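What follows is calculated from the coordinates using simple rules that are stated; it is not laboratory data. Since the model is a prediction, treat every value here as computed from it, not as a measurement. Backbone-built Cβ (ideal geometry, glycine too); neighbour counts: all protein chains shown.
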Amino acid sequence: MHGGDYVALALQAHGVRFVFTLTGGHIAPILVGCRQRGLRVIDTRHEATAVFAADAVARLTGVPGVAVVTAGPGVTNTITAIKNAQMAQSPLVVIGGAAATALRGRGALQDIDQIALMQSITKWRRSVERVRDIVPTLEEAFYQARSGVPGPVFVELPVDLLYDEQLVRQWYGLNRRRRSPAQWVVQRYLNWRVNRLFAGARDQPVVTPRPVDVPDPEDRAVRAAALRLVQSQRPLLLAGSQAVLDTTSVDALAGAITRLGVPTYLSGTARGLLGTNHPLQMRHRRREALREADLVILAGVPCDFRLDYGNHISHQATLIAANRSRADLTLNRRPDIAVLGDPARFVCRLAERVLPGEHWREWIDRLRQRDAAREAEIVRQAAEPTAYVNPVYLCRVINEALTERSIIVADGGDFVATASYIVRPPRPLSWLDPGPFGTLGVGAGFALGAKLCRPDADVWLLYGDGSAGYSLVEFDTFVRHNVPLVAIVGNDAGWTQIAREQVEILHDDVATTLAYSDYDRVAGGFGAVGYRLDDPELAEETLHRARQTAAQGKPVLVNALIGKTHFRKGSIAM
């Protein structure tokens, strides 16, 4: 047994099925140990993709996703993806290789202070110093990733902890003949160091995953919220990604919202929680509804830029917020009732205290009429002629192509934001987007993780043509690992979300123009199937062919050339 085997045993005991990586000399024993113990090792073409894939696994299963990357550049390439997971509160375990313990600070290959680098973007981090500490450190890492407010953690494993002891002694030259007193002193020191490194290595503790307590809301706060709710005339519930962190409770949460009877807006990973046509789910004119509401419940939703820092909510309204994070609970605006605890549990407890009835029928009808008017407006906008394919129309066609087994991955600006108004996730945990960091480039990793977790699902990856540039190379990964999915590139030859404001305000399109590139041919070059779509009359047929091709085991990219619209004019937020 070497150190890589111990890593594999710890991961296996914690329910890990997939290890995402880009190989490197510092981590080879981990990857070999994982594969030999039945864990599926998925090697990507960029370390960020490996972390994004692990992030998707965490969001869909609740089990921390695992990425293993090599030292130095391998670790630094993960920074954006780890920060994205931190802001999305996704539980990840990122394992980084490192230079040998005795060579730190001496100019070894890819030797940097990785722990300092991870200080601000992980909730917990450790560098392992001895082989016998590998398993206990990983046990603690999995616990920390899931406890309290979940997030990414980082474990650094120097390369001399991972290989067999005799080979490490050979590396340190401990088998050489001593030629001078100075060499004798150095060898004595190195021998002591290696002895310490491997002391007790065979006495690894039995891997025992620690249970994580989901933070409960206080009963007093639930009672107070229930009293204010039954007194309200125009309540609203906003449920965000944090409300579905406990993946085992999503059905209970959906049932509680139904019993509660409060009109509800969903955001982030919570999209799809109520299915496609739930009578309580509202989709449009959220800002207007928030200004009219006399009581607003934020379930795992902070008052950040998405709510204009709390200004979208009327200051005359009662604000009730439930959040695992004490900082997010009071961010920018202090709620009238602050509930520190899991938002899903809070909503479920609230539903137990509020008797079902027709409390807010008039209010719900008003919101639904407003939604219907907006839907009719979207239908009209979808019929407007544009160059190539109208993106609003294309999103409606995509929505019609979805099934109950669909998962939608959103990676882009203008096209994907348009899709968020139109494409309806069919069930809980069927929508993946970056989260509040707004990161471009998540698409391939999220889609990879989603398809591996749910092989029976049809995964739709919605790309903007700008965001596609970050991870098109991962079609090579999809092909090599037999991951059939459908990617649709909304190709309008530009960074349109930025251009909308820049051109109008600054009268210059510098750095916002792209080309109508042949992304379908790029995918074809990696062994996938590419389709070009430039005629709206062929949209349904093309998506049908794409689905059939993916069902036959081939990854597909549809290069959809789209025109410009005013659908999202003035919508940029900062």
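Hey, got the dipole for the chain? About the Cα centre, +1 on K and R Cβ, -1 on D and E Cβ, debye to the nearest 20?
In total the dipole reaches around 1800 debye.
Going by average Cβ density within 10 Å per residue, which order do the peptides 327-334, 253-260, 451-458, 41-48 take, highest to lowest?
Peptide ranking by packing, descending: 41-48, 253-260, 451-458, 327-334.
Considering the alpha-carbon set of the stretch 460-518 alone, what are its Rg and its Dmax in angstrom?
14.5, 46
L557's amide H: which non-local residues (gap 5+, or another chain) put their own amide H closer than 5 Å, with H modeled 1.01 Å from N in plane and none for Pro or chain starts?
Close amide H contacts, sequence-distant or interchain: A487, V529, G530, Y531.
Calculate one ³J(HN,Hα) per residue across the stretch 13-21 by plugging θ = phi - 60° into the Karplus curve 6.51 cos²θ - 1.76 cosθ + 1.60, and present them in order as whole Hz with x for glycine and proline.
My calculation for the stretch 13-21 gives 5, 8, x, 6, 10, 10, 10, 9, 7 Hz in order.
Percent relative contact order of the chain, based on C-alpha pairs within less than 8 angstrom and at least six residues apart?
13 percent
Between E218 and E358, 0.36 nm times their residue separation minus their Cα-Cα distance comes to what?
The span from E218 to E358 would gain 47.7 nm if fully extended.
As a test of the definition: which semi-axes, in Å, follow for the stretch 1-96 when you take the square root of five times each eigenvalue of its alpha carbon gyration tensor? Largest first, please.
20, 16, 10
Based on a Kirkwood Rh over C-alpha pairs, give the Stokes-Einstein translational diffusion coefficient of the stretch 219-369 at 4 °C and viscosity 1.567 mPa s in µm²/s.
Answer from the Stokes-Einstein relation: 87 µm²/s.
If Lys and Arg each add +1 and Asp and Glu each add -1, what is the summed charge of the other residues whose beta carbon sits under 14 Å from the beta carbon of T330?
Overall, the nearby charge balance is +1.
The chain: Rg/Rh from Cα coordinates, Kirkwood Rh?
Ratio value, two decimals: 1.02.
Taking amide hydrogens as modeled 1.01 Å from N in the peptide plane, which residues meet the under 5 Å criterion relative to G65, leaving out close sequence neighbours?
Sorted by chain and number, the residues that satisfy this are A58, V93.
If packing is taken as the average count of other Cβ atoms within 10 Å, what order do 143-152, 521-530 fall into, highest mean first?
143-152, 521-530
What list of ³J(HN,Hα) couplings, whole Hz, do you get for the stretch 430-443 from phi and the Karplus terms 6.51, -1.76, 1.60, once you set θ to phi - 60° and write x for glycine and proline?
Residue by residue, the stretch 430-443 yields 10, 9, 10, 9, x, x, x, 6, x, 6, 8, x, 6, x Hz.
What's the local net charge at H481, with K and R +1, D and E -1, over the other residues with C-beta under 9 Å away?
The answer is +1.
Can you give me the C-alpha center-to-center distance between the stretch 115-157 and the stretch 447-476, rounded to a whole angstrom?
Distance between centres, Cα-based: 28 Å.
Residue separation times 0.36 nm, minus the C-alpha to C-alpha distance between V230 and A373: what's the value?
The V230-A373 span can extend by a further 48.6 nm.
I'd like the GluC sites (Glu not before Pro) in the stretch 471-574 restricted to DSSP loop residues with at most 16 other Cβ atoms within 10 Å, sorted by number.
Qualifying residues, ordered by number: none.
Taking amide H atoms as placed 1.01 Å from N in the peptide plane, list the residues 5 or more away in sequence, or in a different chain, whose amide H sits under 5 Å from that of L295.
R234, L236, T318
Quick one: if you stick a label point 7 Å off each Cα along the C-beta vector at D365 and H507, how many nm between them?
5.2 nm
For the chain, what is the calculated [θ] at 222 nm in deg cm²/dmol (nearest 500), taking -39500 (n - 2.57) for each run of four or more DSSP H residues and dividing by its residue count?
One gets -12000 deg cm²/dmol as the mean residue ellipticity at 222 nm.
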